[in-house]
Amino acid sequence: MNIKSMAIVVAFLVLGLGAGWYGGPMVARWMHPEKPRVQVGDFRHQLPADGPRVVMYSLSTCPHCRDARAYFKAHGIAYVDREIDKSDAALQAFKQLHERGVPVIFTPSHEVRGFDREGLTTALRKDGLLAP
C-alpha cells in the first residue's frame, strides 16, 4: 500500500470516528427524544384501585427520591413507594414504563419525572391532592 492510499484510509477512519463521536449523541436524541418533566394524561391505571392516589417509583439510595419522600411527609400526602431495588414486582412494572431514571411519580392525571418540586406541587394541586 502506497502512502497516498494509506493517507486516504486514515482520513476516512478519522472522519468516521469523528462522525460517530459527534453524530452519535445527536442521533440518539433524535431517536429517543427527552420526555417533558411533567406530563398530563390519564394515569389512573398506574394507581392502586383503593388507597393512595400517588405512586412513586424510586430507589432506596436515590437522593432525589429521598427529597420526594420528605416532600410527601411534610405535606401529609399518602403515597405508595415502589422501590425498584427492593421489589422484583416494582422493578418489572418500572421496566414497562421505559423510563430512564427515578423518581417517577404518578397522580391520577400527571406523570412527574425526577423530583421537580414546582411541577409536583402543580400536579398535586390540579389533582386536588394538595391545598392551594
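Scan region 97-107 for residues that are surrounded by fewer than 18 Cβ atoms within 10 Å (Cβ to Cβ) and either under 16 Å from A78 (Cβ atoms) or in contact (Cβ under 8 Å) with a residue 24 or more places away in the chain (or both) and jot them down. Even if it seems obvious, please write down each step before you answer.
Going residue by residue through region 97-107, those that are surrounded by fewer than 18 Cβ atoms within 10 Å (Cβ to Cβ) are 97-101.
If the condition is that a residue be surrounded by fewer than 18 Cβ atoms within 10 Å (Cβ to Cβ) and either under 16 Å from A78 (Cβ atoms) or in contact (Cβ under 8 Å) with a residue 24 or more places away in the chain (or both), then L97, E99 are the ones that fit.
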Item to complete: May I ask you to verify whether F115 is in a strand (DSSP E or B) and surrounded by 15 or more Cβ atoms within 10 Å (Cβ to Cβ)?
Response: no
Response to the item:
Within region 50-74, residues hydrophobic (A, V, I, L, M, F, W, C) and loosely packed, with under 14 Cβ neighbours inside 10 Å come out as A70, A74
Discussion item. Tell me whether region 88-103 contains one or more residues that are more than 22 Å from K35 (Cβ to Cβ) and of a type in the set (A, V, I, L, M).
Written reply: yes
Worksheet item: Do we have any residue at all in region 27-35 that's modelled with pLDDT of 95 or more and loosely packed, with under 12 Cβ neighbours inside 10 Å?
Response: no
Worksheet entry | Selected residue (only one of D81, D127 is surrounded by fewer than 18 Cβ atoms within 10 Å (Cβ to Cβ) and acidic (D, E)) | D127
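The values are calculated or read from the model by the stated rules, or taken from the named source; none is laboratory data. Model, not experiment: these values are computed from the prediction. All Cβ positions, glycine included, derive from the backbone under ideal geometry; neighbour counts span all protein chains shown.
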